[in-house]
1. Quick one: is F36 of a type in the set (F, W, Y) and either surrounded by 17 or more Cβ atoms within 10 Å (Cβ to Cβ) or at pLDDT 75 or above (or both)?
2. Quick one: would you say N179 is modelled with pLDDT of 75 or more, out of contact with any strand residue (DSSP E or B) (no Cβ under 7 Å at 6 or more places or on another chain), more than 24 Å from I77 (Cα to Cα) and assigned by TED's automatic domain parsing to the domain that holds L70?
3. State which residue is farthest from the chain's Cα centre (by Cα) when the search covers only segment 298-312 and only residues that are in a helix (DSSP H, G or I) and hydrophobic (A, V, I, L, M, F, W, C).
4. Tell me, which residue of segment 217-239 that is aliphatic (A, V, I, L, M) and either within 18 Å of L288 (Cα to Cα) or surrounded by 18 or more Cβ atoms within 10 Å (Cβ to Cβ) (or both) is farthest from the chain's Cα centre (by Cα)?
5. For segment 274-283, check the following and say yes or no: at least one residue is surrounded by fewer than 17 Cβ atoms within 10 Å (Cβ to Cβ) and more than 28 Å from the chain's Cα centre (by Cα).
6. Given the options T194, T200, name the one that is without any contact (Cβ under 8 Å) to a residue 24 or more places away in the chain and farther than 30 Å from A305 by Cα.
7. Just to be sure before I move on: is F45 in a helix (DSSP H, G or I), surrounded by 13 or more Cβ atoms within 10 Å (Cβ to Cβ), on the phi < 0 side of the Ramachandran plot and at pLDDT below 65 in the structure I sent?
Amino acid sequence: MFGWLEWSLLCVGASFLACAVVPPLRAYRSLFLGGFVLMVSTTLFHRRDDLFGRTAAAAGSGAVQLPVELFGIAWWILGAWLVRSLLTLVLRRTLFPNDNQPHARRLFADLGSGFVYVIAFVGIMETVLKQPLSGVLATSGVLAIVLGLALQNTLGDVLSGLSINIEKPFGAGDWITLNDHVEGQVIEINWRATRIKSYTNDLIVVPNSVIAKGIVTNHRRLYDPILCSVKLKVENSVAPVTVIAALQAAAAAAAGIAPSYSPVAYAGDFADTMIAYVVYFGVADFTLTEQVQSEVIKRVVESFARQEIRIGAATMDVRLVPGADAMFAQRPRPIPVGAV
């Protein structure tokens, strides 16, 4: 007869089975069915001496009862799968939703899922097969070498991902440039690769080992403003003090300017009859760099137009002298060299 523990496990399994057939919970049907099977198998595994004793492959003293061993292995694997699936479901609902938006680091969550299977392996060796784990590790040295060579690149990605998460040169939400080729926003860092979303909303998957060996430029480290500049030339007839004040006022009035960094303008160099100027300003969001720079240029043009300050090269005046064509026609033509 079953005791109160067995009946409790069966009731929990029945509730899982009932939830599996409810239409609103169809998305989680596999989890509920797995939970039902786990509860029933736990009830039977708890009474394995009575249930499987008669079907053992060998009944001698110290012999391995094959059906019981397979039953225990299946129980551990199913339990690990359910725990890992539940962990993934909770994390996807909370910290790491699948919406291509920047989230916290996923590497340790992925390693946690793998740790569940490691615990299941240890449980199988210790409780089911009754084998000391130290002896298994000692006899599997050759297999470990073969797997290490076969998974060399994968292990390199995992170790590189650990170094990235420990050193933290960038994080989810930062905009980075990798070797001047890949540029975008970091979405997540998992156990094998880093996912980057580009300006065109393309998802770029870069192995962690490639990032560890490459040159990475973080454009938004510690959320400091991005410094941008606009260069232009103005006639030297306009006082530099007037031009600098106009540039700083126009840049400060543009939308998207970082409030923590006041625009600064300088007179940089002489260029014939022109003076080269440059204005520096901070952008709060790296993704809006081009929009803010366009807004600054528009504000500068409007401000200079109101103050009648010309931007660019000076206008060239060309005067036409009356009778210039007739005077040029009367001039003697030069004799080419070698002409007879």
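The values are calculated or read from the model by the stated rules, or taken from the named source; none is laboratory data. Keep in mind that this is a model prediction, so the values were computed, not measured. No Cβ is skipped: glycine too gets one built from the backbone with ideal geometry, and neighbour counts run over all protein chains shown.
1. Details: of a type in the set (F, W, Y): yes; either surrounded by 17 or more Cβ atoms within 10 Å (Cβ to Cβ) or at pLDDT 75 or above (or both): yes.
Yes; evaluated as a whole, the condition is true for this residue.
2. It is false that N179 is modelled with pLDDT of 75 or more, out of contact with any strand residue (DSSP E or B) (no Cβ under 7 Å at 6 or more places or on another chain), more than 24 Å from I77 (Cα to Cα) and assigned by TED's automatic domain parsing to the domain that holds L70.
3. Checked segment 298-312; the qualifying residue farthest from the chain's Cα centre (by Cα) is A305.
4. V234
5. Here is the first cut: in segment 274-283, the ones surrounded by fewer than 17 Cβ atoms within 10 Å (Cβ to Cβ) are 276, 278.
Filter once more, keeping what is more than 28 Å from the chain's Cα centre (by Cα): 276, 278.
Yes: segment 274-283 contains one or more residues that are surrounded by fewer than 17 Cβ atoms within 10 Å (Cβ to Cβ) and more than 28 Å from the chain's Cα centre (by Cα).
6. Values: T194 fails: without any contact (Cβ under 8 Å) to a residue 24 or more places away in the chain.
Result: T200 is the single residue among T194, T200 that is without any contact (Cβ under 8 Å) to a residue 24 or more places away in the chain and farther than 30 Å from A305 by Cα.
7. Yes: the conditions hold for F45.
Conditions (1) of a type outside the set (D, E); (2) surrounded by fewer than 17 Cβ atoms within 10 Å (Cβ to Cβ); (3) over 29 Å from E188 (Cβ atoms); (4) at pLDDT below 70, marked per residue:
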position: W7; (1), (2), (3), (4): yes, yes, yes, no
position: F16; (1), (2), (3), (4): yes, no, yes, no
position: R29; (1), (2), (3), (4): yes, yes, no, no
position: G53; (1), (2), (3), (4): yes, yes, yes, yes
position: V64; (1), (2), (3), (4): yes, yes, yes, yes
position: R92; (1), (2), (3), (4): yes, yes, no, yes
position: D99; (1), (2), (3), (4): no, yes, no, yes
